[in-house]
Amino acid sequence: MSSLISLTKTPLQSPDGTLFIITMKNGENRINTAFCQAMFTILDEIEAFCEEMDGTPAALITTSEGKFYSNGLDLEHALSTPGFFEDYYLALMERFLTFRIPTVAALNGHAFAGGCMLALAHDYRVMRSDRGFLCMNEVDIPSPLLPGMAALVRAKMTPSVYRNCILQGYRFTAQDALDSQLVDVICPEREVLSKAIELATKWSVKASAGEVYRQLKREMYTDAVRFLTLRGSENAKL
């Protein structure tokens, strides 16, 4: 556990299994090295437990405190820290994208740029309907996307939605996100976590596939995984 992130492990009632809830609790939840390290530690713990209990239902939810799910990268830190993108941020996105149990992002607030990508790396998303946006605002910063970032976003969107997202910096409200199939459920803030738990519980039985669940994700998102794991100078090429 850390001051940035906490993990709660609770039993599922039906089916009998385990629900993991990661709560981000650092205001805007800007993503930096410390954030990624804390998240890696928790994901390692969850995977070790799931390997030991192989074949039993399980699911993972991420959520946050406050009005932000995540406001993206700590950009100054990211740009000044050698290896940050390859060793931390892109590695974290690949980890979530191919995690071995079902994952649900419970979006209780804004998810911008790197935070939007974190949400998209999950299998499912629940978004509050009364406030908050999903947005990739790199065109307004302005800042290019690394190949892995672009590939991750592209894998979760139709071509026209991807165009609007990247070239317009479009701010998706909850209804926009639902209509664009970026989220699976929208609801009032007070229901976000409970709806995420319902969704996670429903699909937790698929964790019985074990390592095959991860392999299926790798096959689904071949291009995104390939670009997220590029190294060195190749990571700067589109």
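What follows draws every value from the coordinates through simple rules; no lab data is involved. Nothing here was measured: the structure is a model prediction, and the numbers come from that model. FYI the Cβ positions are ideal-geometry reconstructions off the backbone, even for glycines, and counts take in every protein chain you see.
Which one, Gln168, Asn108, Phe68, projects farthest toward the positive side of the charge dipole computed for the stretch 5-236 from Cβ point charges (K/R +1, D/E -1)?
Gln168
So which of Lys156/Lys195; Lys25/Lys206; Lys25/Lys217; Lys9/Lys202; Lys9/Lys156 end up more than 26 Å apart by C-alpha? Show your work: numbers first, answer last.
Details: Lys156/Lys195 21 Å; Lys25/Lys206 29 Å; Lys25/Lys217 28 Å; Lys9/Lys202 17 Å; Lys9/Lys156 28 Å.
Check vs 26 Å cut-off fails for Lys25/Lys206; Lys25/Lys217; Lys9/Lys156.
About the Cα centre of the stretch 5-236, how large is the charge dipole given +1 on each Lys and Arg Cβ and -1 on each Asp and Glu Cβ? Please answer in debye to the nearest 20. Don't skip to the end; give the middle numbers.
Working: 22 positive and 28 negative charges, 90 e Å.
The calculated dipole for the stretch 5-236 is roughly 420 debye.
When a/c is below 1.5 the answer is rounded, else prolate if a/b is larger than b/c, else oblate, so apply that to the stretch 163-226 with a ≥ b ≥ c taken from the square roots of the Cα gyration tensor eigenvalues. Could you put the intermediate results ahead of the total?
Numbers: a/c = 3.72, a/b = 1.18, b/c = 3.16.
Oblate.
So between Val205 and Thr8, what do we pick up on full extension, going 0.36 nm a residue minus the alpha carbon distance? Don't jump to the answer; show the numbers that get you there.
Details: separation 197, 0.36 × 197 = 70.92 nm, distance 1.94 nm.
Value of the extension gain: 69.0 nm.
Using a simple spin-label model with points 7 Å from Cα along the Cα→Cβ vector, what separation in nm is obtained for Glu52 and Asn235?
Here the answer is 3.3 nm between the modelled labels.
Quick one: divide the alpha-carbon radius of gyration of the stretch 1-42 by 2.2 N^0.38 Å and tell me what you get.
On the way: Rg = 12.5 Å, N = 42, 2.2 N^0.38 = 9.1 Å.
Against the compact-globule rule of thumb, the ratio is 1.37.
Please report the antiparallel percentage of the DSSP beta bridges confined to the chain, to the nearest 5.
30 percent
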